[in-house]
Amino acid sequence: MKKYILIFFSVIILASCIFVSCSSTNKNNSNTAENGETSGLSDADTEYGFETEKVTDDKGKEVTDDKGKAVTKTVQVVYTKDEKGKYVAQVLDEKTGQVVTDPKTKEPSTIQSEVADNMNTTATTKKTESSKKPAESNNNSGSSGNSDGNGNESNTPDAGVNHSTTRADDPTGTTKKQVELTKEPDTTAFKGTEKIPKTSDEGKEVNFSVEDQETIASMLEVPYLYLESYENSDGIPIEIATHVAVWMAEREGGTSPVYPSSPVVLNLFKYFGQTVVNFKTLCNDAAKKSKAPIEYLKSNDTFTISEFTPKKQTVKITKIEDMGNNNFYKITANVDGCGKRKVVAIVQKNMLDLSLGFSIKALKWS
């Protein structure tokens, strides 16, 4: 009898061990999956921007002009975390979009950035506020789309963009039809606080140069851009972003089917004037829906573009309105070739891409 009792208890103990082991394994696997997903989101979400940097000579001394003022230049940057978990602005190569390496330290080249400082302040504030809230409220902490201190990207338009310049008194393209266009370059202040007009708002009618009108028309002729209408406050539809990514690659003379992710995401930033949130994470599903010939490969952090899409719609601009705020303009145009007859767009004149000179901020197709 004792023998059977011992056997019985042995079986119970063995079963308990197996249960604990399985529970531990499942928990570890669950954590791995969660961590993998979070890591994927962190890898996919990158905040880009532009910063003003002082020009230095070969000896590291600041270069000045004839009046003794420091010479500056605008550089592309990516806002990312350093080894201490703090946001920094790393300088990007203008052609490749890759992080520039400091020749002396062999470390990523960084510059002082007010935007990065603000991101650190925001992350610290949110972390403090989150710790004060009940545990169950933290489940919704990501709904606002702002940085949560874990490397996730801000959903606030232009949050990662900064210029030290302000709008020119008489920028190009804001003069009336009978007045000669000024040659003074446009400058736009990106602070993330400006109110972006809606497509239903009205402004003062102005005129652009023929070249500027052709540029805007070409941007509105991105194949399948007519699939979505949106106000800027709605966020950028990923489906049309997939087609914009393909168009930008073709526009820059791309020939290879494989593209590093940084230039692709940076080009989207230039076209829309803000970060396309979660583009790498959502690209593949969106591309299937929109039938865009692009795919993101997480294994090597690249995009593949199988072909360039033929032109679909033709756009002819009929009216331009100055919205009176930080170089925002309302464009009205006739459309042909896609089942749509009209498009109203909010654009911003800026220097994010010198060959474009504009960013598309909102669209309404009808």
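Here are the numbers for the structure shown:
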| item | result |
| --- | --- |
| Considering residues of the stretch 348-366 that are of a type in the set (S, T, N, Q) and in a strand (DSSP E or B) only, the residue surrounded by the fewest Cβ atoms within 10 Å (Cβ to Cβ) | S359 |
| Cβ pairs under 8 Å, 6+ apart, first in the stretch 311-324 and free of Cβ contacts under 8 Å to residues at least 60 places away in the same chain, second crowded, with 19+ Cβ neighbours inside 10 Å and in a strand (DSSP E or B) | T318/A333 |
| Condition check for N300: under 24 Å from V206 (Cβ atoms) and of a type in the set (S, T, N, Q) | no |
| Verdict on V265 being within 26 Å of E47 (Cβ to Cβ), touching a residue at least 12 places away in the same chain (Cβ under 8 Å) and open to solvent by 30 Å² or more (accessible area, probe 1.4 Å) | no |
| Among the candidates A333, A345, A292, residue that is of a type outside the set (S, T, Y), in a loop (DSSP other than H, G, I, E, B) and buried (at least 20 other Cβ atoms within 10 Å of the Cβ) | A292 |
| Condition broken by F208, with the remaining ones in (1) open to solvent by 30 Å² or more (accessible area, probe 1.4 Å); (2) not in a helix (DSSP H, G or I) satisfied | (1) |
| Qualifying residue in the stretch 272-295 (condition: more than 22 Å from the chain's Cα centre (by Cα) and at pLDDT below 90) | no |
| Extreme residue, farthest from E51 (Cα to Cα), among residues of the stretch 89-126 that are in a strand (DSSP E or B) and open to solvent by 70 Å² or more (accessible area, probe 1.4 Å) | T101 |
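The values are calculated or read from the model by the stated rules, or taken from the named source; none is laboratory data. Predicted, not measured: the structure shown is a model, and the values here were computed from it. All Cβ positions, even for glycine, are placed from backbone atoms using ideal geometry, and neighbour counts span all protein chains on display. Heavy atoms of the whole protein, side chains included, go into the accessibility calculation; ligands, DNA and RNA do not. Shrake-Rupley method; radii C 1.70, N 1.55, O 1.52, S 1.80 Å.
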